[in-house]
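Heads up, the thing below is written out as structure tokens.
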Amino acid sequence: MNQDATKNVATGAPQKGAQTSDDLDAMLAAARPGGQAAAAPAAHAPGGAAQRCGLIAIVGKPNVGKSTLLNALVGQKISITSRKAQTTRHRITGIRTVGASQFVFVDTPGFQTKHSTALNKSLNKTVMGAISDVDLILFVVEAGSFTLADAKVLSLFKPGIPTLLIANKLDTVHRRAEIAPWLRDMQERHPFTEFVPMSAKSRGDIERLYGICEKYLPEQPWWYAEDELTDRSEKFLASETVREKLFRFTGDELPYTSTVIIDKFDEEKSKQHKRLVRIAATIVVERDGHKAMVIGDKGERLKRIGTEARQELEKLLDAKVFLELWVKVRSGWADDEARVRSFGYE
């Protein structure tokens, strides 16, 4: 990245039809107390730079693009995405090593403000745990928007932890002139360390975000090998992949309480394939009607879910995958604390 590109790190790359990054830089400067723009990050020291490593929590209400942001930062899909709210249910760690710095990102479930089921309490506990002991928080909101749900998440933050306001989906904002007053209003809500208007779909914005986050990482040895991308097991990734396809093919018809349990994950020797993995998974729903919905006419929907999940898993695991899916009804499981824990939720 050249010197001119690093000068406007907090602004995000200009989008098609948008104002230039200099215009956005002026907005940021105007929005900050005292008119100061965010400082540019220090460049890597030439040769033998001290290693940096730290924990960065990605936090926000459901469906603001947290998982999309994590996948973009890691450079590979490790957290499932869906238009359906409340898709992410676990603390998912994504790792990216750039130069001398290792970024350990934690994608969290969207904080649940509706329905106090055992599942939702578990999800909120995961969020609270993730933000209690990190080096940096990325608070993700939709650029130009701030709802009651956003405010409830913001109220959880403890003082003393640097927090960046990630104004995501900047590419969907048509009147950029409205961003500056919105940013000033956001600064009154919380003492954000920096503003970062951006789009998680922009490679340039992601590269700049590394530079912004880097200076908050402590100087210490890396926690993971340079090529590691996540601390989650392949079995976990298989469960999440099936669940993503489940939501994709059922849309809003199926309640978000449906889940996926891996019954078998075995790797076998094969003369024809570098790796061969056999997976058996159970899709758990709460009603007989939901079971019929997942299976579909003559089993066609379940077959499509299985085919797409298998194809994605073969790329993810770099293996030949045989996937077997079953559907079972477990009425009221999401409000049963013991069963919620038995299904792998904290």
Tally the residues that are open to solvent by 40 Å² or more (accessible area, probe 1.4 Å), touching a residue at least 24 places away in the same chain (Cβ under 8 Å) and under 28 Å from the mean Cα position of the chain (by Cα), restricting the search to the range 294-322. 8
Counted residues in the range 185-196 being in a helix (DSSP H, G or I) and in contact (Cβ under 8 Å) with a residue 12 or more places away in the chain come to 4
I'd like the full set of residues that are of a type in the set (D, E, K, R), in a loop (DSSP other than H, G, I, E, B) and either out of contact with any Leu (no Cβ under 8 Å at 6 or more places or on another chain) or surrounded by 20 or more Cβ atoms within 10 Å (Cβ to Cβ) (or both), limited to the range 131-184. K158, K169, R175
In this structure, is S199 touching a Gly at 6+ places or on another chain (Cβ under 9 Å) and in a loop (DSSP other than H, G, I, E, B)? yes
Being acidic (D, E) and closer than 20 Å to L316 by Cβ is the filter here; which residues of the range 204-234 pass it? E226, D227, E228, D231, E234
Run G204 past the list (1) open to solvent by 10 Å² or more (accessible area, probe 1.4 Å); (2) in a loop (DSSP other than H, G, I, E, B); (3) under 25 Å from F103 (Cβ atoms) and report the number of the one that doesn't hold. (2)
Identify, please: which residue in the range 83-103 is modelled with pLDDT under 85 and under 21 Å from S233 (Cα atoms) and is, among those, most open to solvent (accessible area, probe 1.4 Å)? R91
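What number of residues within the range 123-181 satisfy the criterion of being among the polar types (S, T, N, Q) and either modelled with pLDDT under 90 or within 20 Å of G204 (Cβ to Cβ) (or both)?
The initial filter retains those residues of the range 123-181 that are among the polar types (S, T, N, Q), namely 124, 126, 132, 145, 147, 155, 163, 168, 172.
From the residues that got through so far, the ones that are either modelled with pLDDT under 90 or within 20 Å of G204 (Cβ to Cβ) (or both) too are 124, 126, 132, 155, 168, 172.
Of the residues in that region, 6 qualify.
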S258 fails exactly one of (1) of a type outside the set (A, V, I, L, M, F, W, C); (2) surrounded by fewer than 19 Cβ atoms within 10 Å (Cβ to Cβ); (3) touching a His at 6+ places or on another chain (Cβ under 8 Å), namely (2)
Of the residues in the range 202-237 that are aliphatic (A, V, I, L, M) and within 17 Å of the chain's Cα centre (by Cα), the one that is farthest from E308 (Cα to Cα) is L209
Out of the residues in the range 73-82 that are open to solvent by 20 Å² or more (accessible area, probe 1.4 Å) and under 23 Å from A143 (Cβ atoms), state the one that is modelled with the highest pLDDT. T81
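The values are calculated or read from the model by the stated rules, or taken from the named source; none is laboratory data. What you are looking at is a predicted structure, and each value in this text was computed from that prediction instead of being measured. Note that each Cβ is placed from the backbone with ideal geometry, even for glycine, and that neighbours are counted across all protein chains shown. We work out accessible area using only protein heavy atoms, side chains counted, and drop any ligands, DNA or RNA first. Shrake-Rupley method; radii C 1.70, N 1.55, O 1.52, S 1.80 Å.
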